[in-house]
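The values are calculated or read from the model by the stated rules, or taken from the named source; none is laboratory data. This one's a predicted model, so the numbers in the text were calculated from it and none came from an experiment. Cβ: placed from backbone, ideal geometry, glycine included. Neighbour counts: every protein chain shown. Surface accessibility is based on the protein's heavy atoms, side chains included, excluding ligands, DNA and RNA. Shrake-Rupley method; radii C 1.70, N 1.55, O 1.52, S 1.80 Å.
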Amino acid sequence: MDDVLWTFTFAAQLVLLVVLLGRDRAGRFPLFTASVALVAFRVLTGRLLMGRLPQITMMEFVIITAVIGVVLGLLVLIELARKPFGRVPRVAWVTAALIVMAIGAVVLKFWGKWPAWEQMKAGSAIQLLQLLAQKGGLFLDVENILVGLLIVIFGARYGAGWRSHTQRIVIGLSTASIAQISVQAIWQVIASHAAPKSMDEYNHFIALRERLFNANSVVFFAVLVWWIITLWLDEPGGVKATPEGTVIEGESEPAALESGSAEALEDHDA
């Protein structure tokens with residue numbers, strides 16, 4: 001099952017990259033494209049290098065790339081939020097951003113255990129990076145969900161309606177983050193109450209864990225398929241060039257929808 005999920009997930013990531021590049025979405029969403037490429041790189045190298053590198057070296061590689069992924073994911077969120085809310089007054093933008101970050105910080109504070117401060121200071125650099133990757137990943141998931149809700153609820157008012165690429169990308173990010181947080185929460189509850197008394201119970205416990213994480217992988221694969229389909233299609237209201245060189249407009253939608261390369265460096269998230 002793991003091999004099948006890995007194969008389908010990696011293939012979907014490659015197809016998504018082809019769509020982003022071939023349909024000229026990468027120029028509009030460069031950070032989102034970079035995030036997809038980084039995840040695909042981590043999936044591939046993790047598979048190829050597992051068992052071929054010393055365990056410590058492999059662990060360092062996984063942790064460092066995870067930290068990079070968290071930072072890139074937060075940049076993607078900023079990119080996505082700027083598209084629909086770029087014309088919102090600065091005070092309102094900053095206030096909303098601070099509220100969203102504060103909610104994420106509160107969740108981070110009370111979700112899971114934190115090591116003692118003395119232990120953190122005495123730890124090695126790789127241990128600190130590991131903590132940053134774990135807590136940063138949780139923070140990113142919370143921010144994905146909150147920013148996704150804001151764009152879904154208010155995006156249409158500012159030109160990022162249901163059929164816009166911006167909203168569809170953030171829906172995928174939010175869905176993947178909801179699945180990730182749900183799996184973590186369920187597993188924490190199970191692990192805190194489980195006390196295997198025999199090898200059979202322990203094996204059942206491990207099998208349950210595998211099923212939970214496989215379910216999360218299935219959701220992520222579904223998100224990739226959603227992105228492939230929705231990013232292949234043009235946005236309504238977008239400007240498209242015909243083979244003859246003339247320009248036609250799609251279905252009407254709020255005029256604030258971006259037409260493409262003119263706003264190429266304002267972007268989207270992952």
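Summary table
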| quantity | calculated |
| --- | --- |
| Residue under evaluation Ala40, criteria (1) farther than 17 Å from Phe221 by Cβ; (2) part of a helix (DSSP H, G or I), criterion not met | (1) |
| Test for Val71: is it over 23 Å from Leu5 (Cβ atoms), at pLDDT 85 or above, under 14 Å from the mean Cα position of the chain (by Cα) and surrounded by fewer than 14 Cβ atoms within 10 Å (Cβ to Cβ) | yes |
| Residue among Arg42, Arg28 that alone is free of Cβ contacts under 8 Å to residues at least 60 places away in the same chain and of a type in the set (Lys, Arg) | Arg42 |
| Search result, residues across the stretch 16-30 that are aliphatic (A, V, I, L, M) and within 17 Å of the chain's Cα centre (by Cα) | Leu16, Leu17, Leu20, Ala26 |
| Residues of the stretch 7-30 classified as in a loop (DSSP other than H, G, I, E, B) and either open to solvent by 80 Å² or more (accessible area, probe 1.4 Å) or out of contact with any Asp or Glu (no Cβ under 6 Å at 6 or more places or on another chain) (or both), total | 6 |
| Filter pass, Gly46 being small (Gly, Ala, Ser), modelled with pLDDT under 90 and part of a loop (DSSP other than H, G, I, E, B) | no |
| Residue that is outside any helix (DSSP H, G or I), closer than 28 Å to Arg157 by Cα and either among the β-branched types (Val, Ile, Thr) or open to solvent by less than 80 Å² (accessible area, probe 1.4 Å) (or both), where the choices are Val76, Val94, Val88, Val100 | Val88 |
| Residue match in the stretch 115-130 (condition: within 19 Å of the chain's Cα centre (by Cα) and surrounded by 13 or more Cβ atoms within 10 Å (Cβ to Cβ)) | yes |
| Residue within the stretch 231-254 that is surrounded by fewer than 16 Cβ atoms within 10 Å (Cβ to Cβ), modelled with pLDDT under 90 and touching a helix residue (DSSP H, G or I) at 6+ places or on another chain (Cβ under 6 Å) present | no |
| Test: Val4 is over 30 Å from Ala156 (Cβ atoms) and either in a helix (DSSP H, G or I) or touching a strand residue (DSSP E or B) at 6+ places or on another chain (Cβ under 9 Å) (or both) | yes |
| Trp162 touching a residue at least 12 places away in the same chain (Cβ under 8 Å) and either over 19 Å from Leu75 (Cβ atoms) or touching a Gly at 6+ places or on another chain (Cβ under 7 Å) (or both) | no |
| Residue in the stretch 174-191 that is over 25 Å from Asp2 (Cβ atoms) and loosely packed, with under 14 Cβ neighbours inside 10 Å present | no |
| Pairs where the first residue, in the stretch 13-24, is modelled with pLDDT under 95 and the second is open to solvent by 80 Å² or more (accessible area, probe 1.4 Å), C-beta under 8 Å, 6+ apart | Arg23/Trp232; Asp24/Ser261 |
| Selection from the stretch 27-45 of residues that are touching a Gly at 6+ places or on another chain (Cβ under 9 Å) and among the small types (Gly, Ala, Ser) | Gly27, Ser35 |
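One line per residue, one yes/no per condition, for (1) assigned to a helix (DSSP H, G or I); (2) in contact with a Ser or Thr (Cβ under 6 Å, 6 or more places away or on another chain); (3) hydroxyl-bearing (Ser, Thr, Tyr); (4) at pLDDT 80 or above:
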{"position": "Gly104", "(1), (2), (3), (4)": "yes, no, no, yes"}
{"position": "Val107", "(1), (2), (3), (4)": "yes, no, no, yes"}
{"position": "Thr175", "(1), (2), (3), (4)": "yes, no, yes, yes"}
{"position": "Ser182", "(1), (2), (3), (4)": "yes, no, yes, yes"}
{"position": "Ala195", "(1), (2), (3), (4)": "no, no, no, no"}
{"position": "Glu210", "(1), (2), (3), (4)": "yes, no, no, yes"}
{"position": "Phe220", "(1), (2), (3), (4)": "yes, no, no, yes"}
